[in-house]
Amino acid sequence: MRLFLMLFVLLLLVSSGCTTVQQPVNVTQGLDTISGNLAATASWVSPQKFIVREIASPLPIQGSRQRLNIVREKGFTINRSVENQSITQVRVWMVNGSIATQLVPVLGDGTFQVVLSPSDTAALSRKSLSAIVIQYPSYPDHFSVNWNATSRKITGEPGTPERILSEYKSYDPDDLVDYLDQTITKYGNGNSCDIYLLYGVDAWINYAPITSGPGGTMVISGNTSLPAGTPLSISVTTVNMHPTPMNYDWSHEMADGSAVVASGADGINSFMSVIDISRLNTGKYHISVTTRRHANSDNPLVAETSGYIEIIEQIRAQPETGNYINWSALSLPALMLNKTMELEMLEGEWKIVPAGVQKKNNEVPYGTIIDCAPDGICRVFNQSGIQFLAIHDSNQAHIMGVPNGAAIDSSSIGNVTRITLNGETILTKIDEYSREG
């Protein structure tokens with residue numbers, strides 16, 4: 001199961017938050033200095049049970065690997081730019097059952113285009129992966145990895161393993177893309193690349209802005225060139241997949257629905273679905289609308305679209321209870337609350353890093369104190385007790401990556417996790433918020 005493979009990459013601490021409430025926590029309101037527990041200041045509460053808002057797909061960066069759905073027999077253009085303005089051209093590898101390459105000029109403003117003609121998209125394989133690899137030289141016009149069309153071999157710098165440079169026919173397309181990536185980035189003396197995985201589809205699907213519905217539901221609707229009567233599958237899945245025990249209950253992190261395409265005008269048909277999200281935790285989710293996984297579909301047409309949303313559960317403005325915390329056993333500085341701090345969604349699972357190297361809001365320095373209070377807000381303090389972040393208590397906030405060699409204590413002080421490294425406490429996480437279910 002691929003979820004378990006992540007254990008080899010990152011040791012994750014997963015805390016479900018579904019702990020039995022052992023005693024009420026006294027919520028003290030309006031304090032700037034807090035000892036014991038944090039003030040409830042959930043000014044963002046609205047009458048809705050959930051807020052659903054769309055977020056932009058991750059921006060492409062050089063060195064990335066992305067998936068593209070491309071409608072067959074329609075032209076498609078990839079617009080990119082170079083970071084190094086002295087680069088005058090890039091090499092584009094097209095992998096689609098064979099290999100073809102071309103040099104694409106970079107304009108004076110650093111931009112360039114990779115253009116697929118209708119005949120190119122019509123030729124996309126239905127049985128295997130197709131890909132575009134954009135190779136960037138380490139300095140202008142120097143490409144350390146090349147394709148020899150006569151010998152039908154990839155050529156590289158001295159020291160590149162022969163298994164990578166042998167005839168391309170010995171690899172299936174998936175492996176070939178991986179080998180190309182490795183050759184260019186590891187053995188290419190500074191060359192880098194972007195990889196686009198191309199999935200040919202037979203029709204387009206667009207969805208409208210997603211809205212919250214009544215009673216913990218979400219409404220998704222849109223247009224498509226699929227024929228009327230085509231069944232669609234819709235999935236809503238947490239972006240932070242993680243290792244799980246056997247028989248794990250994914251109902252707080254996954255939901256699904258279905259729709260049937262309805263007739264429209266001028267070849268533009270429509271669909272709509274109401275999805276039950278009442279069990280989903282607050283967090284970032286990937287949403288997919290597709291013909292692929294519908295069990296009752298005999299339609300051979302393939303089409304899909306995807307995007308990202310945030311789902312925010314609304315918590316009572318004055319929660320009365322929370323998880324048991326043995327506050328007297330905690331050795332903490334006075335925690336200074338910043339009531340004006342804007343709430344954010346965590347960008348990923350918590351990561352504990354040395355001071356001064358944080359780049360994202362989920363990266364916190366050694367000594368950090370996190371209090372996830374009964375009002376559904378995690379307030380983050382430095383080791384002196386000064387608050388520097390306020391985030392929604394989300395799926396991401398219940399997963400933590402810890403440094404190698406760290407020790408984890410998650411039971412001796414109630415619902416508190418302490419992480420130590422070389423005898424030093426590098427993080428204290430207090431889980432006051434009690435999730436239902």
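Read-outs: derived from the displayed coordinates by stated rules, not from any lab. Since we're looking at a predicted model, the values are computed, not measured. Because the Cβ atoms are built from the backbone with ideal geometry, glycine has one as well, and the counts that use them run over all protein chains shown.
Placing dummy labels 7 Å off each Cα toward the beta-carbon, the span from Met254 to Thr88 is 5.3 nm. The modelled label-to-label distance between Val115 and Glu424, using points 7 Å beyond Cα along the C-beta direction, is 5.8 nm. The share of C-alpha pairs in segment 348-413 whose separation exceeds 20 Å stands at 26 percent. Taking each residue as 0.36 nm, the span from Thr211 to Thr155 lengthens on full extension beyond its C-alpha to C-alpha distance by 15.0 nm.
Most tightly packed first, judged by the mean number of other beta-carbon atoms within 10 Å of their residues, the peptides 212-223, 333-344, 423-434 read 423-434, 212-223, 333-344.
Spin-label pair Ala262-Tyr199: with each label point 7 Å from Cα along the Cα-Cβ axis, the two points sit 2.7 nm from one another.
In plain terms, the residue of Thr211, Thr77 with the fewest other Cβ atoms within 10 Å comes first and the most crowded comes last, giving Thr77, Thr211. Full extension of the chain between Tyr308 and Lys127 gives 62.4 nm of extra length, using 0.36 nm per residue less the Cα-Cα distance. How big is D for segment 202-313, in µm² s⁻¹ as a whole number, if Stokes-Einstein is applied with the Kirkwood radius of its Cα pairs at 25 °C and 0.890 mPa s? It comes out at roughly 167 µm²/s. In segment 202-313, Cα pairs under 8 Å separated by at least six residues give a relative contact order of 32 percent. Here segment 256-286 and segment 185-202 have alpha carbon centers that stand 32 Å from each other.
Rg ratio for segment 231-282: its Cα radius of gyration over 2.2 N^0.38 Å, N being its residue count, equals 1.55. Counting every alpha-carbon pair across segment 137-287, the share separated by more than 21 Å comes to 65%.
If you wrap segment 73-201's Cα atoms in a convex hull and average its projection over all directions, what's the area in nm²?
The Cα convex hull of segment 73-201, projected and averaged over all directions, gives 7.7 nm².
With a Förster radius of 30 Å applied to the C-beta separation of Ser384 and Ile55, the computed FRET efficiency comes to 0.40.
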